[in-house]
Amino acid sequence: MNEDEMSLFQAAMSDVAPLPASDKIVSGGIKASPFPRKKKYQETETSEEALTDYVSIEMEAGDEWAFVRPGMSHQTLRRLRRGHWRIQDDLDLHGYVRDEARQALSGFLDDCVQQKFRCVRVIHGKGLSSKNREPVLKTRVGNWLMQCADVLAFCQAKPEDGGGGAILILLKAKA
């Protein structure tokens with residue numbers, strides 16, 4: 001900067017007052033983005049062939065569980081739990097074996113997305129009548145839902161909506 005530029009700058013700044021001291025600490029390191037980076041997810045179709053049986057989560061019959069797609073606010077899950085969205089349709093999987101349940105779930109989700117439903121319920125049962133009284137469909141349904149690109153979140157239903165034997169699902173809003 002030459003002398004003329006410096007004098008112009010000082011004249012422009014003559015009536016500027018410093019900001020009051022703050023309790024915030026300013027670090028000199030690398031600045032992180034204020035928004036979390038969203039990972040790119042492979043868009044999967046909801047076809048039954050796309051839903052694998054690989055179960056990554058082990059659950060007990062009474063366990064409550066939930067899922068929110070990475071990049072989504074946990075407030076979304078909280079609102080789903082509290083009944084912010086009205087249940088627009090449901091699917092009852094009682095009596096279905098694994099392959100029938102996967103096929104029925106796939107078709108149900110496709111229909112719900114087509115009809116632009118936001119919140120639906122899947123009744124998978126608690127597994128109390130299955131061999132070893134284990135929740136066979138409960139874990140698989142949750143795993144299949146995690147693989148569906150149109151599923152934003154899901155959680156265990158409130159007791160009046162099926163409790164531990166049902167899942168509420170929040171689907172993407174389609175334009």
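Every number here is computed from the coordinates shown, using simple stated rules; none is lab data. None of the values given here were measured: they were computed from a predicted structure. As a convention, Cβ positions derive from the backbone with ideal geometry for all residues, glycine included, and neighbour counts pool all protein chains shown.
Under 10 Å from the Cβ of residue 85, count the other residues' Cβ atoms, weight Lys and Arg +1, Asp and Glu -1, and hand me the total.
+4
Per residue of the stretch 74-91, in order, report the coupling 6.51 cos²θ - 1.76 cosθ + 1.60 (Karplus, θ = phi - 60°) as ³J(HN,Hα) in whole Hz, putting x for Gly and Pro.
Residue by residue, the stretch 74-91 yields 5, 4, 4, 5, 4, 5, 4, 4, 7, x, 4, 9, 6, 5, 9, 6, 8, 10 Hz.
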